[in-house]
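Okay, so here's the structure we're looking at.
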Amino acid sequence: MSSSSRVLVLNSGSSSVKYQLLDMRDSSRLAMGLVERIGEETSRLKHTPLASGGESREWTAPIADHDAALKAVSAELAKDGLGLDSPELTAIGHRVVHGGKRFTEPTVIDDAVLAEIERLIPVAPLHNPANLTGIRTAQALRPDLPQVAVFDTAFHTTMPESAARYAIDVETADAHRIRRYGFHGTSHAYVSRATAKLLGKAPEDVNVIVLHLGNGASASAVRGGRCVDTSMGLTPLEGLVMGTRSGDTDPAVILHLARVGGMSIAEIDTLLNKKSGLIGLCGDNDMREIRRRIDEGDERAQLAFDIYIHRLKKYIGAYYAVLGRVDAIAFTAGVGENAAPVREAAVAGLEQLGLAVDAELNAIRADGPRLISRAGARVAVAVVPTDEELEIATQTYALVGKNIKTVE
Ligand code: AMP
């Protein structure tokens with residue numbers, strides 16, 4: 001009974017599946033991997049069998065669809081006795097990008113839930129269809145298992161209307177379900193809680209600004225464990241400068257590009273989502289490369305960095321004002337966890353707000369959550385590695401455990 005404690009976490013994209021298998025008795029990772037380029041001749045599977053401590057296995061061969069991909073993953077897992085048919089698998093947790101207003105919590109998937117995720121496709125055209133494919137494939141393989149949807153938007157459903165609404169005509173907005181939903185919610189939830197833990201406090205007693213800085217980037221203001229504002233909006237395009245996304249722009253830029261620039265909607269979409277942000281500003285979206293170029297005196301890289309930091313600082317100031325009292329600022333994701341110069345520059349000059357980074361602590365490379373604020377600074381500055389898969393597995397396991405108890 002207690003051995004039935006494994007949760008498989010699936011993050012299904014349109015041509016990829018990322019997965020992790022966890023044992024929830026101790027939250028340990030048994031295996032992880034990635035299938036890429038599904039539907040192409042050169043599909044690639046990389047599997048790391050963590051439980052057995054084996055080497056990563058990687059191969060390239062055609063994988064026709066998500067069904068074939070999951071079967072290939074199961075075959076890799078089965079080499080260590082962990083296949084998808086294993087009776088010890090308790091549940092499958094799926095990352096679902098858009099849960100709209102309705103899904104405020106992780107949810108056991110049934111036909112009605114599937115229909116609602118489908119209904120949300122117009123607001124998440126790139127992500128929800130792929131997430132649905134992953135769910136349906138997993139259901140077909142293990143119809144007996146509970147499957148749980150964990151939504152990227154759920155953590156942000158606590159935002160008040162004053163933060164969630166755009167100041168546009170209410171009827172028009174409602175007719176098209178236009179509002180600020182926010183994304184990266186699983187990460188913001190996990191990191192805000194982990195930050196409270198790092199401070200030795202309960203989440204209810206702590207106000208945190210979370211800066212999730214990866215290739216996609218978002219900030220959130222979390223008061224007592226509940227999100228009160230976040231920088232992404234209707235889609236993950238709003239807010240901070242990102243690897244390839246513009247973040248905030250004057251909406252009239254779009255009108256101008258169409259009217260004066262003669263660009264189509266599809267071209268503007270590609271421009272703002274794929275050719276803007278750091279890559280649009282300097283040709284690179286990897287912060288390591290940008291820092292290397294800055295060290296060589298590259299002015300375009302420097303300007304891209306400065307614009308990135310300026311925007312970040314504006315959000316720190318804005319969320320400081322929204323929260324009134326801030327206990328901690330937490331940096332997370334690829335850039336936030338690794339790029340000390342970004343952390344230093346983002347809080348530089350904010351001593352009046354109680355914010356100061358200790359240069360030595362900031363330079364230390366480490367895996368776990370840690371404080372980098374200067375001794376005596378009023379507000380803690382922390383680096384808190386995010387773990388979205390663990391969060392999805394934890395929420396999935398908690399929900400399935402609860403349901404089993406309810407049935408009994
Ligand atoms: P993520 O989306 O969270 O996986 O973050 C990916 C991004 O993190 C990359 O595009 C890089 O810009 C950044 N990154 C990863 N490692 C480092 C590092 N050691 N130093 C600076 N930036 C990094």
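The values are calculated or read from the model by the stated rules, or taken from the named source; none is laboratory data. Remember, predicted model here, so these are calculated numbers, not experimental data. Cβ atoms come from the backbone with ideal geometry, glycine included; neighbour counts cover every protein chain shown. The area values use the complete protein model at the heavy-atom level, side chains included, leaving out ligands, DNA and RNA. Shrake-Rupley method; radii C 1.70, N 1.55, O 1.52, S 1.80 Å.
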Is it the case that some residue within the range 224-240 is touching a Ser or Thr at 6+ places or on another chain (Cβ under 7 Å), within 16 Å of the ligand (Cβ to nearest atom) and small (Gly, Ala, Ser)? yes
What is the residue count in the range 333-358 for residues that are more than 16 Å from the ligand (Cβ to nearest atom), open to solvent by less than 50 Å² (accessible area, probe 1.4 Å) and charged (D, E, K, R)? 1
Can you confirm whether ILE329 is open to solvent by less than 20 Å² (accessible area, probe 1.4 Å), away from the ligand (no atom under 15 Å from the Cβ) and more than 15 Å from GLY216 (Cα to Cα)? yes
Scan the range 213-223 for residues that are open to solvent by 10 Å² or more (accessible area, probe 1.4 Å), of a type outside the set (Gly, Ala, Ser) and within 16 Å of the ligand (Cβ to nearest atom) and jot them down. ASN215
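When you scan the range 255-269, how many residues do you find that are of a type in the set (S, T, N, Q) and either surrounded by 13 or more Cβ atoms within 10 Å (Cβ to Cβ) or touching a residue at least 60 places away in the same chain (Cβ under 8 Å) (or both)?
First pass over the range 255-269, keeping only residues of a type in the set (S, T, N, Q): 264.
Of the ones still in play, those that are also either surrounded by 13 or more Cβ atoms within 10 Å (Cβ to Cβ) or touching a residue at least 60 places away in the same chain (Cβ under 8 Å) (or both) are none.
Residues that pass the stated criteria total 0.
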I'd like to check something: does the range 243-255 contain any residue that is on the phi > 0 side of the Ramachandran plot and at pLDDT 95 or above? yes
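Need at least 2 residues that are surrounded by 15 or more Cβ atoms within 10 Å (Cβ to Cβ) per element, so show me which strands (runs of 3 or more DSSP E) inside the range 1-118 make the cut, counting only ones lying wholly within it.
Working: elements: 6-12, 17-23, 28-36, 44-48, 57-60, 89-96.
The qualifying strands (runs of 3 or more DSSP E) are 6-12, 17-23, 28-36, 44-48, 89-96.
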Would a scan of the range 283-290 turn up a residue that is more than 25 Å from ARG177 (Cα to Cα) and β-branched (Val, Ile, Thr)? yes
Within the range 275-308, the residues that are surrounded by 14 or more Cβ atoms within 10 Å (Cβ to Cβ), under 15 Å from GLY216 (Cα atoms) and not aromatic (Phe, Trp, Tyr) are SER276, GLY277, LEU278, ILE279, GLY280, ASP284, ASN285, ASP286, MET287
Filter the range 105-131 down to the residues that are at pLDDT 95 or above and among the hydrophobic types (A, V, I, L, M, F, W, C), then identify the one that is nearest to THR270 (Cα to Cα). ILE117
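Do the conditions hold for LEU361, that is, is it free of Cβ contacts under 8 Å to residues at least 24 places away in the same chain, away from the ligand (no atom under 13 Å from the Cβ) and either small (Gly, Ala, Ser) or in contact with a Leu (Cβ under 9 Å, 6 or more places away or on another chain) (or both)?
yes
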Those helices (runs of 4 or more DSSP H) lying entirely in the range 174-293 with at least 2 residues farther than 28 Å from VAL9 by Cβ: 252-259, 265-274, 277-282
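Looking at the range 162-181, can you tell me whether even one residue there is buried (at least 24 other Cβ atoms within 10 Å of the Cβ) and more than 17 Å from LEU234 (Cβ to Cβ)? Spell out the reasoning first.
Taking the range 162-181 and keeping what is buried (at least 24 other Cβ atoms within 10 Å of the Cβ), we get 181.
Narrowing further to those that are more than 17 Å from LEU234 (Cβ to Cβ): none.
No; the residues of the range 162-181 include none that is buried (at least 24 other Cβ atoms within 10 Å of the Cβ) and more than 17 Å from LEU234 (Cβ to Cβ).
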For the range 271-278, state whether one or more residues are among the charged types (D, E, K, R) and more than 16 Å from the ligand (Cβ to nearest atom). no
Count of residues meeting criterion [more than 16 Å from the ligand (Cβ to nearest atom) and open to solvent by less than 10 Å² (accessible area, probe 1.4 Å)] in the range 193-212: 5
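For (1) touching a Pro at 6+ places or on another chain (Cβ under 6 Å); (2) within 23 Å of ALA348 (Cα to Cα), each residue gets a yes or a no:
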| position | (1), (2) |
| --- | --- |
| ALA194 | yes, no |
| VAL222 | no, yes |
| VAL253 | no, no |
| MET287 | no, yes |
